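Structure record follows, encoded as structure tokens.
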Amino acid sequence: TEAKIWLLVPRSATMSDIRAKIMLVLGLPRGSTVRLLQQIAGGFTPYPDRQPINGLTTLNCAGTAWHGVVFTQEPLRQLLEGIVAVMDTQAFRADFEHAKLAYSASLSAGVQAKAALQARLAPGL
């Protein structure tokens, strides 16, 4: 379907964790299929469930079509409340200020600070 979804997950997430989050976020009905695929010579093969994401930022998926997924108000409200709850803490604000200063010092320092900021946000989503 060429559908896309963006997720924020902890660095320690496995393929099984990502598949479960996709099903939850999209509200796919029980019995739906989500397969996370890696490209190999001549096609694709599913990733093992226990495989960590290891820094992957893009995954190919197959299974239940997502184009018919309807987002209701409640899951969207919960998502926004989770983001606001994390961002409204002193620790997040301190990490955010640190990231801004780090980026002004160097790109690599900024990238490291951004990763810490994302890690703080991820558990709330």
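Read-outs: derived from the displayed coordinates by stated rules, not from any lab. Please read these numbers as outputs of a predicted model, since none were measured by experiment. A quick note on method: Cβ atoms are made from the backbone with ideal geometry, for glycine too, and the neighbour counts reach across all protein chains shown.
With +1 on the Cβ of every Lys and Arg and -1 on the Cβ of every Asp and Glu, and nothing else charged, how large is the dipole of the chain about its Cα centre, in debye rounded to the nearest 20?
180 debye
Residue farthest toward the positive end of the dipole of the chain, with Cβ of Lys/Arg at +1 and Asp/Glu at -1: which of Gln112, Trp6, Tyr47?
Sorting the options by dipole projection puts first Tyr47.
How far, in nm, would the chain grow between Ser106 and Arg11 when pulled straight, counting 0.36 nm per residue and subtracting the alpha carbon separation?
Roughly 31.9 nm would be gained on extension.
Considering the values (i) 1.03; (ii) 1.69; (iii) 0.96, which represents Rg/Rh (Cα atoms, Kirkwood Rh) as calculated for the structure under consideration?
Computed from the coordinates, Rg/Rh (Cα atoms, Kirkwood Rh) corresponds to (i).
May I ask for the angle, rounded to the nearest 10°, between helix 15-26 and the longest principal axis of the chain, with both axes built from Cα atoms and the value confined to 0 to 90°?
It is inclined by approximately 90 degrees.
Could you work out how far helix 107-121 tilts from the main Cα principal axis of the chain, as a 0 to 90 degree angle to the nearest 10?
Long axis of 107-121 versus the principal axis of the chain: about 70 degrees.
Roughly speaking, what is the stretch gain from Thr89 to Asn54, that is 0.36 nm per residue apart minus the C-alpha to C-alpha distance, in nm to one decimal?
Values: separation 35, 0.36 × 35 = 12.60 nm, distance 2.84 nm.
Here the answer is 9.8 nm.
Suppose we take every Cα in the range 31-89 and form the convex hull; what volume per residue is that in Å³?
It is 155 Å³ per residue.
Would you work out the relative contact order for the range 9-125, in percent, from Cα pairs under 8 angstrom that are 6 or more residues apart? Mind dumping the intermediate values first?
Working: 116 pairs, mean separation 30.8, N = 117.
26 percent.
Using Cα atoms only, what is the angle between the long axis of helix 90-105 and the major principal axis of the chain, expressed in degrees (0 to 90) to the nearest 10?
Tilt of helix 90-105: around 80 degrees.
Cut-off 10 angstrom, C-alpha nodes, Gaussian network model of the chain. Which of Ser12, Ser106, Ser32 fluctuates the most?
It is Ser106.
For q values of 0.21, 0.22, 0.23, 0.29 Å⁻¹, compute log₁₀ I(q)/I(0) with the Debye formula on a Cα-only model of the range 1-60, without solvent.
-0.90, -0.98, -1.07, -1.46
Would you kindly calculate the mean projected area, averaged across all directions, of the convex hull enclosing the Cα atoms of the range 76-125, in square nanometres?
3.3 nm²
Counting only helical runs of four or more DSSP H residues, what would the 222 nm mean residue ellipticity of the chain come to if each run contributes -39,500 (n - 2.57) and the total is spread over all its residues?
-15000 deg cm²/dmol
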